[in-house]
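These notes are about the structure you will find just below.
The values are calculated or read from the model by the stated rules, or taken from the named source; none is laboratory data. None of these values were measured; they are calculated from a predicted model. With ideal geometry, Cβ positions are generated from the backbone for all residues, glycine too; neighbour counts draw on all protein chains shown. Protein only, heavy atoms only, side chains kept; ligands, DNA and RNA dropped before computing areas. Shrake-Rupley method; radii C 1.70, N 1.55, O 1.52, S 1.80 Å.
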Amino acid sequence: MIKFFRHIRRKLIEQNDMGKYLKYAIGEILLVVIGILIALQINNWNENRKEVQFEQKLLKELKSDFTYNQRELTRNIGKATLLAHNCDSLLVLFDFPDDKVNPDDFFGYVRKLGGYSTYNPSNGALNNLISSGNLNIIKNDSLRTHLARWTGMLEDVKEDEKRLINFGDTQMNPIRLEYLDWDSEYSNVAPIFLSLKFKNIVRTIRNSAYYNVENYETLSTEIIKILDEIKSELDTI
């Protein structure tokens with residue numbers, strides 16, 4: 001091709017026709033420019049295709065993680081709800097005279113007061129995305145916003161979990177050591193049953209457990225939004 005253009009250029013020079021030569025030169029320059037533009041367009045298309053493929057890979061990884069996170073969250077909602085219901089059942093017993101309360105029922109609920117929920121989601125894909133500075137690869141603005149605030153929301157929930165566990169262990173361990181005999185049957189609930197402090201401990205654990213359920217449900221709503229946005233993006237790719 002280069003030899004072909006060179007041959008035409010030499011022929012025009014030999015003819016000494018500057019008008020035709022200038023037209024040819026301009027045409028040759030235009031052809032070179034068009035060729036460069038086409039090459040750039042092809043290169044941009046290839047880069048865009050690679051970026052779309054990379055985004056699709058990230059979206060699939062995020063979908064896998066947040067699908068797991070939703071299942072784990074459902075499990076923790078159930079566990080926190082069970083703890084709260086155990087507290088409710090225990091508090092109901094306080095409305096009866098101590099000699100009318102079945103010790104097995106009473107101490108059965110007391111033993112279950114340590115059933116705390118701890119939410120441990122899988123955030124590998126999101127952490128890698130943020131730490132690598134590739135969050136902007138996600139073109140969906142709404143999805144990017146949800147992902148960016150997920151870590152902060154999760155930290156708030158984890159703080160409330162720790163607060164409940166610390167309170168429960170600090171307040172309940174002395175009671176367990178003083179009142180609970182794990183190997184014996186109980187015939188008298190009066191010592192612990194008549195303790196106002198113990199009743200208030202149960203109320204506090206109950207309220208914190210229900211609060212954790214609310215936190216989990218807020219996270220669940222956020223996960224549903226994230227998964228919906230991811231699905232929408234995958235469907236359009």
Quiz item: Can you find even one residue in segment 210-220 that is farther than 26 Å from Tyr109 by Cβ, surrounded by 15 or more Cβ atoms within 10 Å (Cβ to Cβ), modelled with pLDDT of 95 or more and not hydrophobic (A, V, I, L, M, F, W, C)?
Solution: yes
Quiz item: Of Asp98, Asp105, which residue is touching a Phe, Trp or Tyr at 6+ places or on another chain (Cβ under 6 Å), at pLDDT below 95 and of a type in the set (Asp, Glu)?
Solution: Asp98
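Listed here are the residues, each with its yes/no results for (1) more than 27 Å from Tyr210 (Cα to Cα); (2) open to solvent by 30 Å² or more (accessible area, probe 1.4 Å); (3) of a type in the set (Lys, Arg).
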position	(1), (2), (3)
Phe94	no, no, no
Asp99	yes, yes, no
Asp104	no, yes, no
Phe107	no, no, no
Arg111	no, yes, yes
Gly114	no, yes, no
Ala125	yes, no, no
Asn134	yes, yes, no
Self-check item: Subset of segment 65-83 [among the basic types (Lys, Arg) and surrounded by fewer than 16 Cβ atoms within 10 Å (Cβ to Cβ)]
Solution: Arg71, Arg75
Exercise. Restrict the check to segment 21-35 and report whether at least one residue is open to solvent by 40 Å² or more (accessible area, probe 1.4 Å), within 30 Å of Leu196 (Cβ to Cβ) and either modelled with pLDDT of 70 or more or touching a Gly at 6+ places or on another chain (Cβ under 6 Å) (or both).
Key: no
Quiz prompt | Index of the failed condition, Lys199 passing every other in (1) within 30 Å of Phe66 (Cβ to Cβ); (2) touching a Leu at 6+ places or on another chain (Cβ under 9 Å) | solution = (1)
Practice problem: Might you check whether a residue that is at pLDDT 85 or above and either surrounded by 14 or more Cβ atoms within 10 Å (Cβ to Cβ) or in a helix (DSSP H, G or I) (or both) occurs anywhere in segment 3-12? | Solution: no
Quiz item: Quick check, is Asn86 open to solvent by less than 30 Å² (accessible area, probe 1.4 Å) and of a type in the set (S, T, N, Q)?
Solution: yes
Exercise. Among the residues of segment 60-92, write down those that are under 14 Å from the mean Cα position of the chain (by Cα), of a type in the set (A, V, I, L, M, F, W, C) and under 14 Å from Leu219 (Cα atoms).
Key: Phe66, Leu73
Self-check item: Failed item in (1) over 30 Å from Lys60 (Cβ atoms); (2) hydrophobic (A, V, I, L, M, F, W, C); (3) at pLDDT below 95, with Ile138 passing the rest
Solution: (1)
Quiz item: Do we have Tyr179 as under 30 Å from Asp65 (Cα atoms) and surrounded by 15 or more Cβ atoms within 10 Å (Cβ to Cβ) here?
Solution: no
